[in-house]
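Undergrad: Let me give you the structure first, and then I'll get to my questions.
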Amino acid sequence: MEDLASTGTEAWAEGLHNTNNNASPGGWPGGRGGHPLAAFGGPGAKPSYLDRVVQEIVESERTYARDLRSIVEGYLGKIIDAEEPVLRPEQVSALFGNIEDIYELSSTLLQNLESCANDPVAVAVCFVTRSQEFAIYTQYCNNYPSSVAALTECMRSKVQARFLRECQERLRHALPLGAYLLKPVQRILKYHLLLQEIARHFEHKAGDDYELVLEAIDTMTCVAWYINDMKRKHEHAIRQQEIQSLLLGWKGPDLTSYGELVLEGTFRTQRVRHDRALFLFDKALLITKRRGDHYIYKSHIPCSSLMLIESTRDSLCFSLAHYKHGKQQHSLQAKSVEEKRVWTHHIKRLILENHHATIPQKAKEAILDMDLFYPPRLPRCSPERLKKSWSCQPLGDAATEPLQGRRQS
């Protein structure tokens, strides 16, 4: 699935509506710094770009809530109310996930946004105060691949496909159900982009009001980051189970005991006829040989004992060995300089993280030149803080179940 969190906003900005006023928010608790936004909309008043950005957030949420309602009532409701079961219970669960919870949250958020009277700061506060509630999107996004698979199965059945088309016709939808089931995945990853437009066109880029807007951006960026991270971990876990089922000759523990799958790739190896398929986990490196659809176990090295030797003669080569058996090296050749750079970076990182001695974080960052791979942490709401706050809430399968794909070489 494409990572939509990094998508630009120029396209939607061109079509912003300009049909509402930038009035002071009704019911807003007290004045903010003694300078509430002045109402506009008198004769001949022209809405500013910021007014149109705020209005676009509200209008797009209204459209989104309406689309969710059509799924819940026009599809799910019809399936439940049908005299004869059209879909099996497990199909319904996989197809719709927790769409009803998503619809309830969007409806509540829409009510909050509509009460803001087009005040950009009040809109920003809506997202800050409800930040933890967006955790339900993790479960939906994790289930989305199952939803696509269930819909594909339904469309192969003449009875089920006809029923879904009839629902679509009753709703007068130009697009089929699949297009609507994708909307929550797209929407949750777009909120921070919409809020960035508010900050970009905010008149006074200082003071408490602007800080609230920045806090909203940080909050929803963290939400997008967290959902992407959970999706990535879910995909890695599935791939890990697949590798385990295809691995022959392995007598060690379950691969999950070695932590998350970080990288996988195929390399040419010196003095060996066949290429080697490598799997780098948080705590170990697994070396195998591909045979058809299976992997034949050849060797493994704990990351705490892993030694990396980078070649000075060949820009594509590097060697790996157990530090107690330095002469028994696995000399590998990457397909490109970039592939080698990625692998050697993560191998260094895991050697440092699994080293028996405690290494100061600043020393690790200096060794790895972290800025090449990782952007600086957000000032107000780091992903780690968000994960900790959400970990206090029951997320169902979200904590163990997919948006940033695994890097493959």
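Undergrad: Under the Kirkwood approximation applied to all pairs of distinct alpha-carbon atoms, what is the hydrodynamic radius of segment 194-257 in Å?
TA: 15.3 Å
Undergrad: Give 251/327; 205/231; 298/335 a once-over and call out the pairs whose C-alpha atoms are over 28 Å from each other.
TA: Over 28 Å apart, Cα to Cα: 205/231.
Undergrad: Counting other C-beta atoms within 10 Å, and keeping those with at most 13, which DSSP coil GluC sites (Glu not before Pro) do you find in segment 172-235?
TA: Here the sparse-neighbourhood loop sites are 203.
Undergrad: Could you give me the radius of gyration and the Dmax of segment 127-181, taking only the C-alpha atoms into account and expressing both in angstrom?
TA: Radius of gyration, then largest Cα-Cα span, for segment 127-181: 14.9, 46 Å.
Undergrad: What translational diffusion coefficient, to the nearest whole µm²/s, does segment 171-230 have by Stokes-Einstein, given a Kirkwood radius computed over alpha-carbon pairs, a temperature of 37 °C and 0.692 mPa s viscosity?
TA: 246 µm²/s
Undergrad: Still on this structure: Would you mind classifying segment 250-318 by shape? Square roots of the alpha carbon gyration tensor eigenvalues, ordered a ≥ b ≥ c; an a/c under 1.5 is rounded, otherwise it is prolate if a/b is larger than b/c and oblate if not.
TA: Oblate.
Undergrad: May I pose another question? I'd like the Kirkwood hydrodynamic radius of segment 61-174, using the inverse of the mean 1/r over distinct C-alpha pairs, in Å.
TA: Across segment 61-174, the inverse of the average 1/r is 15.7 Å.
Undergrad: In Å, what Rg and Dmax follow from the Cα atoms of segment 178-296?
TA: 22.2, 66
Every number in this text was worked out from the coordinates using simple rules, so none of it is lab data. The model shown is predicted, which means the values in this text are computed figures rather than measured ones. Note that each Cβ is placed from the backbone with ideal geometry, even for glycine, and that neighbours are counted across all protein chains shown.
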